[in-house]
Amino acid sequence: MNLKNETEAQIVFISEKVKSLHSKFFDFCENIGEKVLNPFERKNGHRLPSEEMLEYKKSVKTLWRESGRKILSTAATALAIIAMCTVVNLLGWSLGYEVIVDGENIGMVTDKAVVDDAICETRDEIKIYLGDASYSKEPVFVRRIVDEKTLSTKDDLKRALLSNVDMMVEAYGVYIDGKLALGVSSADAAEWVFANYKKKFAGEEIAEDMSVDFCEKIDVKKEFLHIALLNTPEEALESLSGNTKELTSYTVEDNDSLWSIAKKYDTTVEHILAMNDEITENIKAGMVIKVEEAVPLLSVRTVQTVSLVEPVPYTVEKIKDDSLYEGRTEVKQSGVDGSAKILARVTKINGKEVQKDVLESETLSSPVTQIEKIGTKKRPATTGSGTFISPTFGTLSSRYGGRWGRQHTGIDIAGSYNSAIKAADGGKVIFAGWMSGYGNYVVIDHENGYQTGYGHCASLTVSEGDRVAKGDIIAKMGNTGRSTGTHLHFEVKKNGEFVNPLKYVGY
Ligand SMILES: [Zn+2]
């Protein structure tokens, strides 16, 4: 704007001075051009009149001869102009052009090529927003005497051209690691956005001893941007916080529900279900599901030295004990965490701690070591070892679980009549006799939380109270009780509850 006004003022100033001479001069020397401004050329150290100047003089002579006084006055005018032009030249003025595009003055130049460059670069800049063929401009050049101090640079011309393009506005582009992220209307708006973004993670009142900076390189450039890239400061703040989503996986924790996970990732239960074909709302701890996590465009790093009281974890000492059976452990002394007052430099990124350097540490209470006894005593064969062998030969004829609307408490193994049934593990026989439905039935307590049961036997070879070793024959296979065909009904109880025997034995 200023440039345009100043240039116009210059033109008015000059044209006031030369009003009467101006038009005559241009008519007359249109063909002679700028050389009139520099009437002498240097050759071999001598100032010689240029060819154009000689031609000019010759034409003045001819005109003088032909038209007498009338021409004299014209020639005098011309010479006066030459004198004036020399003065103009000495004052730093020269012949140039006013550049007009779409009827608007966009600047003053002496070199038309600068205008072509500016138009070319303008086209390249707006191409990404408005398409390739969207910009074709033909400049109009009007001869003017111009002050060299007010000549337009290529950038001046570009700015003037861009300001006339629809949908392009002069604004401030925010660049993150060299990539344009968004635009705001002023440098102040950009500062407001950065300051408030930092506060999100560093707190409303940033502590004096806390250093806060961005992990990414930030640049703000004043430039022409497409209007669609412009944001209010509030929109910009929102946009920087996480406008891209990245696929990640989440391991379900105890007490999680799809609803709580949806809340954590700012999404909906429906969206999570849509992304995970294989899951239902009934999720269990340990399951891994796909989720989308908002990824902030900008990350804030805070570093602060803080004083904390932290637990000091106890250590565990294991001692061998020959009064305990092998495989068993007992806590002789429970461990207790100690505590320490520490001074640490804590680095956080977007509020998440990423590093903690302990600068000083003072013990407040020492931890108490946990002492565990590890059993080394040889286990008699007639105690439970914790593992099971298959109790008999045969084929699996019925599985554990739902069957004809009832719960099947064990598995059925079909085999030949009177074949041996063995104790799946060592233990004490706590039932051996007839039981309704089971027929001849044996139950062994392995004294480690497990019990095994053997039903429909043809006959029994143990009695209640007997101790048996793993693999001892305890019965013969039969078809007693509620049974169709010769088979063993084998069941396993863990802490009083039936469990699937196939978790322990293979068939
Ligand atoms: Zn059965």
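The values are calculated or read from the model by the stated rules, or taken from the named source; none is laboratory data. Everything quoted here is computed from the prediction, not taken from an experiment. Reconstructed Cβ throughout: ideal geometry from the backbone, glycine too, with neighbour counts over all protein chains shown.
Brief remarks follow.
- Residue count for segment 321-355 under the criterion of being hydroxyl-bearing (Ser, Thr, Tyr) and within 36 Å of the chain's Cα centre (by Cα): the result is 1.
- Looking across segment 404-421 at every residue that is exposed (fewer than 13 other Cβ atoms within 10 Å of the Cβ) and within 13 Å of the ligand (Cβ to nearest atom), the one that is modelled with the lowest pLDDT is identified as TRP404.
- Taken over segment 226-265, the criterion of being small (Gly, Ala, Ser) and either exposed (fewer than 12 other Cβ atoms within 10 Å of the Cβ) or within 18 Å of ILE283 (Cα to Cα) (or both) is satisfied by ALA228, SER249, SER257, SER260, ALA262.
- Each residue in segment 217-237 was checked for being touching a strand residue (DSSP E or B) at 6+ places or on another chain (Cβ under 7 Å) and acidic (Asp, Glu), and 2 pass.
- The one condition in (1) closer than 30 Å to ASN196 by Cβ; (2) part of a strand (DSSP E or B) that LEU298 fails to fulfil: (2)
- Just one of the listed residues (GLY401, GLY478) is within 15 Å of the ligand (Cβ to nearest atom) and either at pLDDT below 95 or in the same structural domain as ARG328 (by TED's automatic domain parsing) (or both), and it is GLY401.
- Segment 488-505 residues that are of a type in the set (A, V, I, L, M), paired with ones that are within 14 Å of the ligand (Cβ to nearest atom) (beta carbon under 6 Å, 6 or more apart): LEU488/THR392; LEU488/ILE413; LEU488/ILE421; LEU488/MET477; VAL492/THR452; VAL492/PRO501; VAL499/VAL492
- For segment 490-506, a tally of residues being away from the ligand (no atom under 15 Å from the Cβ), over 49 Å from the mean Cα position of the chain (by Cα) and either among the acidic types (Asp, Glu) or assigned to a strand (DSSP E or B) (or both) returns 0.
- Of the residues making up segment 279-312, those that are out of contact with any strand residue (DSSP E or B) (no Cβ under 8 Å at 6 or more places or on another chain) and touching a residue at least 40 places away in the same chain (Cβ under 8 Å) number 1.
- Residue among VAL346, VAL354 that is closer than 30 Å to LEU237 by Cα, touching a Lys or Arg at 6+ places or on another chain (Cβ under 8 Å) and without any contact (Cβ under 8 Å) to a residue 12 or more places away in the chain: VAL354
- Here ALA469 clears all of (1) within 12 Å of the ligand (Cβ to nearest atom); (2) more than 60 Å from the chain's Cα centre (by Cα) except the condition numbered (1).
- Any hit, segment 133-141, residues being touching a residue at least 60 places away in the same chain (Cβ under 8 Å) and among the aromatic types (Phe, Trp, Tyr): no
- Beta carbons closer than 6 Å, at least 6 apart along the sequence or on distinct chains, pair a first residue in segment 362-386 that is closer than 30 Å to TYR450 by Cβ with a second that is basic (Lys, Arg) for ILE371/LYS332; GLU372/LYS318; LYS373/LYS332; ILE374/LYS318; ILE374/LYS320; GLY375/ARG328; THR376/LYS320; THR382/ARG467.
- Segment 435-463, subset in a strand (DSSP E or B) and more than 15 Å from the ligand (Cβ to nearest atom), residue surrounded by the most Cβ atoms within 10 Å (Cβ to Cβ): ILE444
- The selection criterion, being in a strand (DSSP E or B) and at pLDDT below 95, does not hold for SER483.
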